[in-house]
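The values are calculated or read from the model by the stated rules, or taken from the named source; none is laboratory data. None of these values were measured; they are calculated from a predicted model. Positions of Cβ are backbone-derived with ideal geometry, glycine not excepted, and every protein chain shown enters the neighbour counts. Heads up: the accessible areas ignore ligands, DNA and RNA and are worked out on the full protein's heavy atoms, side chains in. Shrake-Rupley method; radii C 1.70, N 1.55, O 1.52, S 1.80 Å.
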Amino acid sequence: MTRTLDHVYGRPKGPLPDDVAATRRLLGMTDESIRRDVGELIQWLRDQPNLPNTLDGVELDWWLENYLVMNKNDVERVKENMPVYFQLKTILPEVMTNRDPKTEKEMINAYNTTLLGLVPTIMDGGRKLAVYMHRPDTAASDYSPVGIAMHLTCLADYYLAQGIDHTRLVLVVDLGTVRLGHLARYPLGLLRRFFLYAWKAYPERVAQIHIINPPAILSVVMTMFKPLLKAKIRKRMIVHRHFETLLEHVPLKYMPKDYGGESPSLIELHETWRQKVIDHQPYFKKCSTKHRVVDK
C-alpha cells in the first residue's frame with residue numbers, strides 16, 4: 001500500500017523486529033548506548049549551520065539510530081559521512097531527482113533490463129544476500145546504469161526509514177548475460193562520482209562480492225570497475241568458475257530458487273522491491289527535496 005505524504009516513519013511500538021534487534025546486538029548497541037549516541041548526534045546537528053536538524057517524513061532519533069547501524073555504530077564516522085548524505089542531492093542530481101519507477105525513464109529501463117533481488121532471510125553473522133544479473137533477451141542499448149543507481153539509493157533510504165536488519169551485504173553478480181553493449185552504457189564520470197560520494201553517504205558494509213558465470217569479457221569488466229572500488233572491497237571479490245565454489249561462502253538454501261535455493265525466484269524478489277519503491281514514493285520525494293543542505 002502506497003504511503004501518504006503525511007506518513008512519518010518511526011521506531012516501532014513495542015519490541016523491535018527480531019532481525020532488527022539482532023543487528024543492534026551484533027554491533028554492540030544497547031538501549032542506553034543508543035540514547036546516548038543519538039542524543040550526541042542531535043546536538044551535533046543543531047551546531048551545524050548548513051545541515052537540517054529535523055527530517056521530513058521520519059522521526060529524527062529513529063533515522064539517526066539507523067544511520068548509526070549503517071556506520072558500524074561509530075559516532076565519529078556518522079559525523080564524517082552525514083554531511084555527504086545531505087550534499088548528495090546537489091552532487092548527484094541525475095540520481096537523486098525523480099526516483100519514481102512509474103514515470104522516470106531511467107528507472108523503468110533499469111527494472112526492465114536487469115534483475116536485482118534482496119533475499120529477505122538474514123544469514124549468519126547478520127549478513128544479507130543480494131543477487132544481480134542482466135535480463136536475457138533484452139537490448140543492451142536499453143540498459144540504464146543511472147536507473148540502477150536510483151534504485152540503490154531508494155533501497156538505502158528505505159532501510160534508514162524502516163529499520164536496518166543486517167550488518168553486512170553479500171552480493172552475488174551473475175555475469176552470464178553481460179555483453180560489451182552493457183558496459184558501453186556506463187557514464188564513467190557519473191560512475192566515479194557515485195562510487196566516491198554515494199558510498200560515503202550510504203556506507204553499506206559489503207562483506208563479499210561473488211561473480212558467477214564469468215564471461216569471456218570478464219577482464220574488460222574488471223578493468224572498468226576495479227579502479228572504482230576501495231582496496232578492501234577489491235580484496236573481497238571472488239570469481240567462481242564453478243557454481244559449487246560459491247556454496248562454500250553462501251549456503252544454497254539462501255539462493256533464489258532459480259539457482260536451486262529455497263528463497264523466492266529472482267524475478268519475484270526483483271518485483272517485490274520495485275513495488276516497495278513505488279509504495280514509498282512520498283517518502284523518497286521528501287528525501288530528494290528536503291533531506292539536503294540548508295540554504296542560508
Just to be sure I understand, how many residues within region 89-122 are open to solvent by 10 Å² or more (accessible area, probe 1.4 Å), outside any helix (DSSP H, G or I) and of a type in the set (A, V, I, L, M)? 4
Close pairs from region 14-25: first at positive phi, partner open to solvent by 70 Å² or more (accessible area, probe 1.4 Å) and assigned to a helix (DSSP H, G or I), Cβ under 6 Å, at least 6 apart: none
Quick check on region 204-250: of everything there that is in contact (Cβ under 8 Å) with a residue 60 or more places away in the chain and under 18 Å from the mean Cα position of the chain (by Cα), which residue is least open to solvent (accessible area, probe 1.4 Å)? A207
Restricting attention to region 141-160, which residues are under 9 Å from the mean Cα position of the chain (by Cα) and of a type in the set (D, E, K, R)? D157
Given the criteria without any contact (Cβ under 8 Å) to a residue 40 or more places away in the chain and at positive phi, does G260 qualify? yes
Examine region 51-70 for a residue that is in contact with a strand residue (DSSP E or B) (Cβ under 6 Å, 6 or more places away or on another chain) and either at pLDDT 95 or above or open to solvent by less than 60 Å² (accessible area, probe 1.4 Å) (or both), and state whether such a residue exists. yes
Leading residue by the ranking (farthest from the chain's Cα centre (by Cα)) among those in region 1-49 that are of a type in the set (G, A, S) and surrounded by fewer than 11 Cβ atoms within 10 Å (Cβ to Cβ): G14
